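Engineer: After the C-alpha cells below, expect a handful of questions from me.
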Amino acid sequence: MAGLFVTPFIEDEALRRALVATFILALSAGPVGVFLMLRRMSLAGDALSHAVLPGVAAAFLLSGLAVIPMTIGGLVAGLVVALLSGLVTRIGKQREDISFAAFYLISLALGVLLVGLRGEELELDHVLFGHILDLSSDSLVVTGITSTLSLLGMALIWRPLVAECLDPGFLRSAGGAGRWAHLAFLALVVLNLVGAFQAMGSLLAVGLMMLPAATAKFWARRLETMTALSIGIGVVAGYLGLVIAHGIGVDPAPAIILVAGTIYLFSIVIGRHGVLFQRWQPARHRTA
C-alpha cells in the first residue's frame, strides 16, 4: 500500500510540488466555493474562471512564460470582467448571471484567439487544463501568496457574507457597504482562480472551488462545518487524484476533479442530507 499511496511522493519532487499546490488551493478555495454556492453564484465562478484567460494569454505574448506577469494579467482580466458585469447589471438592468455568461463567452473566445497566435509555445491544453506536474518554485510561491491573501480577505468580509446568507437582501439594503462587500468577494473569487490557473487551467480551476462545496452541503448545515468539510474534501480529492493519475499515467488535473465529482455523486445518495437519508427519515424529521 505504501508503494501506491506514499512512495511516489517521496521519490518524485514534481509530485510533491503538485500535492502541496492542491492542498494550498483547497484551503483557500473551500470557503469561497461555499459562499458562491450559498449565494447562488456558481455561474459567476465558472465565468470568471474563463475571464482570466485573455489576461494570461496577453501577458504571455508580452513576457513569455514568466509566472508573475501571467498572474497579474489573469488577475487584471478577471477583475475587469467582474466590474463590467456588475456595471452592465446596474446600468442595463440585466440580471447578473446573464451579463456574466456574455462576458464569459467573449473572454473565452478572446483568450483562445490570443493563445493561438503563438500556440507552438503555449499549448492550448496546458492553458485550459493546467500543468500541475510542471509547477516551478515561483509558481508554488505565487499560489501560496494568492491563497493567503484570499484567506485574509475572506476573514475581513466574513460577517457581511454570513449575514447575507441569513438574509439574502442584506447586502442590497446595506447600500454602499453592501456593494463593496460584493465586489470584494468577486475579487477573492478571481484571486483564487488566478492562483489555481497554473495548476488546474482555466476550465478546471473552478472545480476545486465548487465540487467540494456542493458535496459538503450534503453532510452539514452549519456554515462553519460546511466550510471545513469543503476544505477537507478538496484535500482528499487532490491527494487521491494525484495517486490515481500517477498510477495509470493520465493528467492529474482532470483526475483530481473526477475524484471530487465522484465524492459528490456518492454524497447525493449516502450523505447525511442525501437521497437515502431523506427517504428513510420520518416525514416530520426531514430536512427542509
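For every residue, the table says whether it meets (1) without any contact (Cβ under 8 Å) to a residue 60 or more places away in the chain; (2) among the charged types (D, E, K, R).
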site: Arg222; (1), (2): yes, yes
site: Ile231; (1), (2): no, no
site: Val236; (1), (2): yes, no
site: Val243; (1), (2): no, no
site: Pro254; (1), (2): no, no
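Engineer: What single numbered condition from (1) in contact with a Cys (Cβ under 8 Å, 6 or more places away or on another chain); (2) modelled with pLDDT under 85 fails to hold for Phe35?
Structural biologist: Condition (2) is where Phe35 drops out.
Engineer: When you go through Ala181, Ala187, Ala216, Ala228 one by one, which is the residue that is more than 17 Å from Pro254 (Cβ to Cβ), more than 16 Å from the chain's Cα centre (by Cα) and among the aliphatic types (A, V, I, L, M)?
Structural biologist: Matching residue, one of Ala181, Ala187, Ala216, Ala228: Ala181.
Engineer: I would also like to ask the following. Assess whether Thr7 counts as being farther than 17 Å from Leu193 by Cβ, β-branched (Val, Ile, Thr), surrounded by 15 or more Cβ atoms within 10 Å (Cβ to Cβ) and without any contact (Cβ under 8 Å) to a residue 60 or more places away in the chain.
Structural biologist: No: the conditions fail for Thr7.
Engineer: Also: How many of the residues in the stretch 226-244 are more than 15 Å from Met209 (Cβ to Cβ) and either surrounded by fewer than 23 Cβ atoms within 10 Å (Cβ to Cβ) or in contact with a His (Cβ under 8 Å, 6 or more places away or on another chain) (or both)?
Structural biologist: The qualifying residues number 6.
Engineer: Look at Asp97 and say whether it is over 29 Å from Asp138 (Cβ atoms) and of a type in the set (Asp, Glu).
Structural biologist: yes
Engineer: Among the listed residues Thr215, Thr227, identify the single one that is of a type in the set (Ser, Thr, Tyr) and closer than 29 Å to Ala14 by Cβ. Steps first, please.
Structural biologist: Details: Thr227 fails: closer than 29 Å to Ala14 by Cβ.
Within the list Thr215, Thr227, the selection yields Thr215.
Engineer: All but one of (1) at pLDDT below 95; (2) crowded, with 16+ Cβ neighbours inside 10 Å; (3) among the β-branched types (Val, Ile, Thr) hold for Ile248, so report the exception by its number.
Structural biologist: It fails just one condition, (2).
Engineer: Still on this structure, please answer the following. Going by the structure shown, is Ala14 over 17 Å from Pro212 (Cα atoms), over 16 Å from the mean Cα position of the chain (by Cα) and of a type in the set (Gly, Ala, Ser)?
Structural biologist: Answer is yes for this residue.
The values are calculated or read from the model by the stated rules, or taken from the named source; none is laboratory data. On a predicted model such as this, the values are computed, not experimentally measured, just so you know. Using ideal geometry, Cβ is built from the backbone for each residue, glycine included, and neighbour counts are taken over all protein chains shown.
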